[in-house]
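Okay, so here's the structure we're looking at.
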Amino acid sequence: MTHADTLEVRINGETRRVSAGSTIAALVAEIGLDPARVAVERNLEIVPRSTLGDVAVVDGDAFEIVHFVGGG
Amino acid sequence: MPEISNEGWTVAGRTFNSRLIVGTGKYKDFAENAAAVAASGAEIVTVAVRRVNISDPSQPVLMDYIDPKKITYLPNTAGCFTAEDAIRTLRLAREAGGWDLVKLEVLGEARTLYPNMRETLRATEVLAKEGFLPMVYCADDPIAAQQLEEAGAVAIMPLGAPIGSGLGLQNRVTIRLIVEGAKVPVLVDAGVGTASDAAVAMELGCDGVLMNTAIAEAKDPIRMARAMKLAVEAGREAYLAGRMQKRLYADPSSPLAGLI
C-alpha cells in the first residue's frame, strides 16, 4: 500500500493508516470489532450505527470507539 | 402473606423486583463478577463506557458474562468531571447499547469523588431534554435532591459516604429528609461497607441501594453478594413493618404479674 492509497486517522488516540475509500463500518470490521457492541464518535460527533456503512473515512478523521466495561 | 414481600419498585415506568443495584468494577475476573451478580439477585448492573482496546479486540468483554438481555445495563459516567464529558459519555452509551436509563455522576475532585452538584444539575437538565432518564448520584442534600428532581432526574441517588470508602451511612438524617421530600425513587449510592449498612439505608425508607466495592472487595464476594441481597430485603421488611418506638429505659418483655 502506498501513501497515496491510504489515509491517516486517529482511533482512540492512536494514529493508524487505513485504505482510501473505507467506510466506518469497514474500519470497525478491520479492527476486528462487532459493530453491534460499540459506539463510534467521529470528530466529536456520534455516528449512528445505521449509517456506519455509509460514511466514508476522510484523511485526518479522529475516531473514538467505545464499549461497556465493568464499573460502579 | 408472602414470606418476603415482593412488592417491587418502579423507576421511570420500569418495574424491578430487586432493590439492589450492583456495580461491575474491581472484580478478579468476569466469571466472579457474574457469579456475584447472580448471588445478589440484582436485576440492574452499572457499567462504564470506555475506549475499546484496538490493539487486542479479541479480549473477553463484560457482555459475554452478563447478558444485557437478562440484566439491565445502567451506563454510568464514572470519571467525568464536567457536565459536557458526562453528556458525551451517555450519548455514546445510548448509541452503543440503546439504553436511555442511565446513571449520571459528575465528580468534583479525585480525592473524595464527591459530586460537583452545579455540573450535575446542569447535566441532568440537558440529558432530560434529550430524552434520557437519568438516575443521579448526588450529595446528601435535600435541597439539591429537589432541584435534581425538578430538572428531570428519575431517581435520586445520594451518597452514604465517599465512593469505595465502605464507611456506611454517615448522615441518616439527610438521607431520610431526601426520602421524605422525593417523589421519585431514592437509592443510596456509594459508601456501603457491609450488610448492616445496606439494611440501614432500607430501614430509612430508601427504595434501593447501589453498591460495588462492598461486594467486589469482600474476601468472598459471592457470599457478600448474598448477604447484601438478604440485608436489602431485611431492611425493606423492617421499614414496612414499622419499627418500635425507642425508649430511654428498660421495659420488661416478661409479665410482672404472677411472679413467684
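At-a-glance table
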| item | result |
| --- | --- |
| Members of the stretch A:22-32 found to be outside any strand (DSSP E or B) and either of a type in the set (Ser, Thr, Tyr) or touching a helix residue (DSSP H, G or I) at 6+ places or on another chain (Cβ under 9 Å) (or both), listed by number | A:SER22, A:ILE24, A:ALA25, A:VAL28, A:ALA29 |
| Hey, B:GLY25 at positive phi, out of contact with any Leu (no Cβ under 9 Å at 6 or more places or on another chain) and in a loop (DSSP other than H, G, I, E, B) or not | no |
| Residues (in contact (Cβ under 8 Å) with a residue 40 or more places away in the chain, more than 10 Å from every other protein chain (Cβ to nearest Cβ) and not in a helix (DSSP H, G or I)) located in the stretch B:75-103 | B:LEU101 |
| Selection count where residues are surrounded by fewer than 18 Cβ atoms within 10 Å (Cβ to Cβ), within 22 Å of B:GLN146 (Cβ to Cβ) and small (Gly, Ala, Ser), scope the stretch B:86-127 | 1 |
| Any hit, the stretch B:137-146, residues being more than 13 Å from every other protein chain (Cβ to nearest Cβ), assigned to a helix (DSSP H, G or I), surrounded by fewer than 18 Cβ atoms within 10 Å (Cβ to Cβ) and of a type in the set (S, T, N, Q) | yes |
| Residue match in the stretch B:50-62 (condition: in contact (Cβ under 8 Å) with a residue 40 or more places away in the chain and either at the interface with chain A (Cβ under 10 Å from one of its Cβ atoms) or assigned to a strand (DSSP E or B) (or both)) | no |
| Some residue of the stretch B:228-245 being over 17 Å from B:VAL200 (Cβ atoms) and in a loop (DSSP other than H, G, I, E, B) | yes |
| Considering residues of the stretch B:235-260 that are free of Cβ contacts under 8 Å to residues at least 40 places away in the same chain and either in contact with a strand residue (DSSP E or B) (Cβ under 9 Å, 6 or more places away or on another chain) or closer than 18 Å to B:PHE16 by Cβ (or both) only, the residue surrounded by the most Cβ atoms within 10 Å (Cβ to Cβ) | B:GLY235 |
| Meets criteria (in contact with a strand residue (DSSP E or B) (Cβ under 6 Å, 6 or more places away or on another chain) and under 22 Å from B:THR46 (Cα atoms)) for B:LEU167 | no |
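Any read-out appearing in this document is the output of simple, stated calculations on the displayed coordinates, not a laboratory observation. Here the structure is a predicted model, which means the values were calculated and not measured. Note: ideal-geometry Cβ built from the backbone for every residue, glycine included; neighbour counts use all protein chains shown.
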